[in-house]
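Below is one structure; the comments refer to it alone.
The values are calculated or read from the model by the stated rules, or taken from the named source; none is laboratory data. Owing to the predicted nature of the structure, the values given are computational and were not obtained by experimental measurement. Side chains are part of the model used for accessible areas, which takes the heavy atoms of the whole protein and leaves out ligands, DNA and RNA. Shrake-Rupley method; radii C 1.70, N 1.55, O 1.52, S 1.80 Å.
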Amino acid sequence: TTTLDASAPTATISPSNGSNGIARDRTITITFDEAVRLLSDAALTNSDLVNLITLKNTDNSGTDIPFNATIIGSVITITPSSNFSSGQQVYVAIGATVEDGADNPITATSSTFTVIDDVAPTVVITGPTEPVTDAFPLTFKFSEDVTGFDVNDITIAGGTLSGFSGSGDTYTVIVTPVLGETVTVSVAANAAIDAAGNGNEASGTY
């Protein structure tokens with residue numbers, strides 16, 4: 001008695017769908033639970049993989065991410081041509097384009113994961129560039145949204161601070177200068193944090 005193999009192979013993608021904090025230099029694997037081949041019954045080779053695998057930014061409508069891929073046994077290893085960006089969202093998929101020895105194609109499989117955000121926010125201070133004779137505003141522009149930043153995180157000489165406000169990536173404060181003196185303002189490192197918990201880099205001195 002011969003039993004028909006009617007079960008489709010399964011494909012497991014790692015990192016799994018919804019994963020966060022993935023290393024920027026991480027490779028991606030697609031593991032099948034049995035040997036697979038092309039739908040034409042031809043053996044699956046490395047040169048076939050670039051046409052079978054989708055690797056994009058954000059989702060299946062995003063821009064392509066260049067990669068190389070190899071298959072050893074039942075495992076495909078995908079190596080991006082360069083490291084992922086901090087906080088990047090990556091979409092990887094393989095369609096029903098390979099099958100087992102009994103002509104059962106796999107079910108299309110995909111995964112979307114997020115790369116670790118390991119870049120510290122920066123902050124730029126802007127204000128008047130000419131001598132002043134009265135109170136003036138300063139703006140603190142971070143490279144991304146941050147929390148925990150307040151007037152106590154601002155170091156000033158030659159004046160006093162008031163009227164602090166702002167949220168997200170932009171904050172303002174009013175400086176009342178001591179006339180005849182040079183005003184200097186700066187923000188120390190780790191005064192604020194981004195959504196991933198990275199403390200900011202120290203600002204330059206205004």
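Normalised by the number of residues in segment 100-194, the mean separation of alpha-carbon contacts (under 8 Å, six or more apart) gives a relative contact order of 28 percent. What the phi angles of segment 11-24 give under the Karplus curve with 6.51, -1.76 and 1.60, with θ = phi - 60°, is a coupling list of 10, 10, 9, 10, x, 6, 4, x, 5, 10, x, 6, 4, 5 Hz, glycine and proline written as x.
Between 180, 18, 87, which gets the highest mean-square fluctuation from a Gaussian network model of the chain, Cα cutoff 10 Å? Looking only at 180, 18, 87, the biggest GNM fluctuation is shown by 180.
Per the Debye formula on identical point scatterers at the alpha carbon atoms of segment 136-206, with no solvent, log10 I(q)/I(0) at q = 0.20 Å⁻¹ is -0.79.
Relative contact order for the chain: 19 percent, from Cα pairs under 8 Å spaced at least 6 residues apart, divided by residue count. Estimated at 0.36 nm per residue, the fully extended path between residue 47 and residue 33 surpasses their Cα-Cα distance by 2.9 nm.
Each principal axis of the Cα atoms in segment 21-99 has its own extent, and those three values, largest first, are 40, 23, 20 angstrom. Mean silhouette area of segment 87-206, derived from the convex hull of its C-alpha atoms and averaged over all directions, reads 9.9 nm².
Measuring nothing but how far apart in sequence close Cα pairs (under 8 Å, 6+ apart) lie, relative to its length, segment 128-184 scores a relative contact order of 41 percent. Taking all protein chains into account, the per residue accessible area for the chain stands at 53 Å² (1.4 Å probe).
Taking amide H as placed 1.01 Å from N in the peptide plane, the amide H of residue 65 sits under 5 Å from that of 55, 56, 57, each at least 5 places away or on another chain. According to the Kirkwood relation over distinct C-alpha pairs, the hydrodynamic radius of the chain is 20.9 Å. Here the Karplus relation 6.51 cos²θ - 1.76 cosθ + 1.60, evaluated at θ = phi - 60°, turns the backbone of segment 89-100 into coupling constants of 9, 10, 10, 10, 8, 9, x, 7, 10, 10, 9, 8 Hz, with x for every Gly and Pro.
For segment 41-51, 3J(HN,Hα) computed residue by residue from phi via the Karplus equation (6.51, -1.76, 1.60; θ = phi - 60°) reads 6, 6, 5, 7, 10, 4, 5, 7, 5, 4, 8 Hz, glycine and proline entered as x.
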